[in-house]
Amino acid sequence: MTSGTSPEPNLDALEALAREAAGQGAHYALSPEVSVVFAENREGLAAVAGPWDGNPAIARCAGIARDTALWLHLGSLAVALPDGCFANRSVLFRPDGTIAATYDKIHLFDATLPELRQYRESDTYAGGDRAVVADLGPVKLGLTICYDVRFPALHHALATAGAGLIAVPAAFTVPTGQAHWDVLLRARAIETGCFVIAAAQAGQHQNGRATYGHSMIVDPWGKILGELDGETPGVLVTDIDPAAVAEARGRVPALANARTFSLSVNPVGAS
């Protein structure tokens with residue numbers, strides 16, 4: 001998607017893409033991070049992001065799920081919290097429109113960028129503290145959001161809890177996307193023996209940001225099964241065979257072979 005700063009056009013676009021995915025035979029569909037509103041700043045977000053209870057975007061997405069009979073996974077939306085912060089929340093809808101799972105982004109991007117420009121996601125969002133695995137029937141789904149992809153421990157926890165598919169809705173910048181996007185997605189798939197589905201924001205946005213796009217689906221062996229471009233909205237559909245998860249983990253049993261260990265920072269023989 002190329003989400004803008006107003007909810008209704010974004011939800012219209014999401015509905016059209018979901019209908020296209022369903023028309024191509026999809027059973028599960030993932031949208032990018034901040035699908036509902038990609039605001040310019042905190043003030044812009046506060047003007048349009050509502051609380052969880054009675055949220056019109058949630059109601060609209062529930063209707064889209066029912067109408068398309070999809071497991072519709074809203075990559076994320078901003079939810080206003082009572083303390084004035086926001087949750088960056090992912091919502092998974094069943095095909096009947098009921099909510100199967102929610103996940104609040106755990107890892108927040110706080111960094112001092114080149115030329116000492118500070119970017120602090122924690123000034124706007126409150127990080128979650130709970131990893132989430134949802135049961136889709138043929139496969140279990142691990143939920144993550146964007147920056148989470150840089151933290152292997154989260155993905156290891158999801159896989160050991162039974163996930164065979166990991167969702168990565170994202171809004172990567174162009175420079176970091178060019179450098180790291182496909183490498184990180186393939187690494188997380190290989191490490192966990194999971195399919196990874198990554199739905200990305202793409203192109204030039206109303207808020208002045210440019211995002212990398214290149215939504216992709218990666219199999220448990222690290223093979224890219226499909227990829228979109230970096231400029232235009234679109235739908236990527238592929239078949240997923242849950243048996244490939246067990247096959248990959250049997251060939252390289254990294255999850256089974258993982259061990260806990262202690263750490264010493266002193267060299268051998270140091271006093």
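What to note about this one:
- For segment 153-207, the set of residues classified as in contact with a helix residue (DSSP H, G or I) (Cβ under 8 Å, 6 or more places away or on another chain) and of a type in the set (S, T, N, Q) consists of 160, 192, 207, listed by residue number.
- Count - residues of segment 119-168 that are out of contact with any strand residue (DSSP E or B) (no Cβ under 8 Å at 6 or more places or on another chain), within 21 Å of residue 190 (Cα to Cα) and of a type in the set (D, E, K, R): 2
- All positions within segment 232-253 that are farther than 22 Å from residue 26 by Cβ and surrounded by 15 or more Cβ atoms within 10 Å (Cβ to Cβ): 248, 249
- Qualifying residue in segment 208-220 (condition: in contact (Cβ under 8 Å) with a residue 60 or more places away in the chain, within 17 Å of the chain's Cα centre (by Cα) and closer than 17 Å to residue 188 by Cα): yes
Results for (1) more than 17 Å from the chain's Cα centre (by Cα); (2) crowded, with 24+ Cβ neighbours inside 10 Å; (3) under 20 Å from residue 142 (Cα atoms); (4) at pLDDT 95 or above, shown as yes or no for each residue.
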{"position": "43", "(1), (2), (3), (4)": "yes, no, no, no"}
{"position": "49", "(1), (2), (3), (4)": "yes, no, no, no"}
{"position": "54", "(1), (2), (3), (4)": "yes, no, no, yes"}
{"position": "81", "(1), (2), (3), (4)": "yes, no, no, yes"}
{"position": "95", "(1), (2), (3), (4)": "yes, no, yes, yes"}
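- Any hit, segment 193-210, residues being β-branched (Val, Ile, Thr), crowded, with 21+ Cβ neighbours inside 10 Å and in contact with a His (Cβ under 8 Å, 6 or more places away or on another chain): no
- Selection count, segment 54-87, where residues are assigned to a strand (DSSP E or B) and over 15 Å from residue 30 (Cβ atoms): 5
- The set of residues in segment 5-31 being surrounded by fewer than 17 Cβ atoms within 10 Å (Cβ to Cβ) and small (Gly, Ala, Ser) consists of 6, 16, 23, 25.
The values are calculated or read from the model by the stated rules, or taken from the named source; none is laboratory data. Just so it is clear, the structure is predicted and the values come from calculations on it, not from any experiment. Cβ atoms come from the backbone with ideal geometry, glycine included; neighbour counts cover every protein chain shown.
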